[in-house]
Amino acid sequence: MGYNQANYTRIRKEYETKYLRAREAADLRRSEVLFAIPEMAEIDRALGKTGLVIMNAAMQGEDVGERIEEARLENQALQERKRQLLVANGFPADYTEVKYECPLCQDEGFYEFKICTCMKKKLVEAAYESSGMAHLLRTQSFESFDLSYYAEDPRTAAHMKRVLDITREYAETFDLATPANMIFMGGTGLGKTHLSTSIARAVIEKGCDVFYAGAITLLSDFEMQRYGNSAGGETGLGTSQYFDCDLLIIDDLGTEVINQFTATVLYNVINTRLSRKKSTIINTNFGQDELRAKYADRITSRIFGEYRVIPFVGKDVRMGKIHRNN
Ligand SMILES: [Zn+2]
């Protein structure tokens, strides 16, 4: 899937360094041991020889079972002798072995031609950080979306259950080949951020590149770029992530100041993502009529023509939480 390119490059580099460091450190420990235990050089040579015998025999293929077995036993005896010598001289038995952080991929980041689980974890963590919503991602998920806040009103409860199902399915079936867009509409505190965060989290864990920004942040990034600070912007990342990420979440659409520049940027982002077949989710406190009154038709027609409208209903659940906690 589409790991964030900058994250991927950085983490690959970290792995290369980690791998080399582990080998260098073991190399130093070996020198130290050879210095302290001169006899060790002989054992190392003998070990190298049995290793070669095993490799050559394996390459010749036929009828070498016995020779391999012999060399393997000799190899084992030498390893044992080595461990004994180390311990006898006050070293840990595995002192000269390379200590990889991940025994599975030996710090190469790949195991059986696939990205190792250890590197995948690093990529997901990095994606959390670069998503712009790290703090939310740690606490909000589909599992923590509590429908009982809506329980007082059965119709609202049924509606929000459906919204939860739709958003969960969106995340589960998220696929770069079939982009899908949604606009979450409804007042503050109805769970729009919670569910868009939950989607982000699930999509990041699939290995996709998600970027989240408030409309105001998005526009100020473009403004900074316009005035020559292309590498900076509020997010410090320039504006390319608004076009490149697999899923863009624009929070709080409608809170920004609309002028010719901001309207052009919004249209550009929405339209370019549609033509590049990239998924987008928009959160807004405004209703359809308000949005149509606020934005030019070319923007709203793209949104209402291409985005699935998900209305959020009910009372502010954050108020409910405060009452309940008291
Ligand atoms: Zn690994």
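Annotations
- When segment 264-281 is filtered for residues that are open to solvent by less than 50 Å² (accessible area, probe 1.4 Å) and within 13 Å of residue 302 (Cβ to Cβ), the ones remaining, listed by number, are 266, 269, 270, 271, 272, 273, 274, 280.
- Within segment 77-89, the set of residues being closer than 17 Å to residue 42 by Cβ and either open to solvent by less than 60 Å² (accessible area, probe 1.4 Å) or free of Cβ contacts under 8 Å to residues at least 12 places away in the same chain (or both) comprises 77, 78, 80, 82, 83, 84, 85, 86, 88.
- Considering residues of segment 244-262 that are surrounded by 14 or more Cβ atoms within 10 Å (Cβ to Cβ) and under 14 Å from residue 221 (Cα atoms) only, the residue nearest to the chain's Cα centre (by Cα): 250
- Residues of segment 22-43 classified as in contact (Cβ under 8 Å) with a residue 24 or more places away in the chain and touching a helix residue (DSSP H, G or I) at 6+ places or on another chain (Cβ under 9 Å), total: 6
- Look at (1) among the aromatic types (Phe, Trp, Tyr); (2) under 17 Å from residue 308 (Cβ atoms); (3) free of Cβ contacts under 8 Å to residues at least 60 places away in the same chain and you find that residue 145 fails only one, number (2).
- In the set 68, 54, only one residue is in a helix (DSSP H, G or I) and either more than 43 Å from the chain's Cα centre (by Cα) or exposed (fewer than 14 other Cβ atoms within 10 Å of the Cβ) (or both); that residue is 68.
- Top-ranked residue in segment 137-154 [being open to solvent by 70 Å² or more (accessible area, probe 1.4 Å) and not hydroxyl-bearing (Ser, Thr, Tyr); ranked as nearest to the ligand (Cβ to nearest atom)]: 138
- Top-ranked residue of segment 274-290 - restricted to ones that are part of a helix (DSSP H, G or I) and touching a residue at least 60 places away in the same chain (Cβ under 8 Å), ranked as nearest to residue 209 (Cα to Cα): 274
- Single residue of 78, 73, 123, 86 found to be among the aliphatic types (A, V, I, L, M) and either under 23 Å from residue 212 (Cβ atoms) or within 28 Å of the chain's Cα centre (by Cα) (or both): 123
- Looking across segment 155-171, the residues that are surrounded by 12 or more Cβ atoms within 10 Å (Cβ to Cβ) and under 20 Å from residue 283 (Cβ atoms) come down to 156, 159, 160, 161, 163, 164, 166, 167, 168, 170, 171.
- Look at (1) open to solvent by less than 40 Å² (accessible area, probe 1.4 Å); (2) touching a residue at least 40 places away in the same chain (Cβ under 8 Å); (3) more than 16 Å from the ligand (Cβ to nearest atom) and you find that residue 134 fails only one, number (2).
- Test result for residue 257, at pLDDT below 90, under 22 Å from residue 198 (Cα atoms) and among the aliphatic types (A, V, I, L, M): no
- Qualifying position, being away from the ligand (no atom under 16 Å from the Cβ) and more than 24 Å from residue 239 (Cβ to Cβ), among 157, 127: 157
- Filtered residues of segment 90-124 (kept if more than 11 Å from the ligand (Cβ to nearest atom) and surrounded by 15 or more Cβ atoms within 10 Å (Cβ to Cβ)): 91, 95, 96, 98, 123, 124
The values are calculated or read from the model by the stated rules, or taken from the named source; none is laboratory data. Not measured: the values here are computed from a predicted model. Don't worry about glycine lacking a Cβ; one is built from the backbone with ideal geometry, like all the others, and counts go over all protein chains shown. In case anyone asks, the SASA skips ligands and DNA or RNA and just uses the protein heavy atoms, side chains included. Shrake-Rupley method; radii C 1.70, N 1.55, O 1.52, S 1.80 Å.
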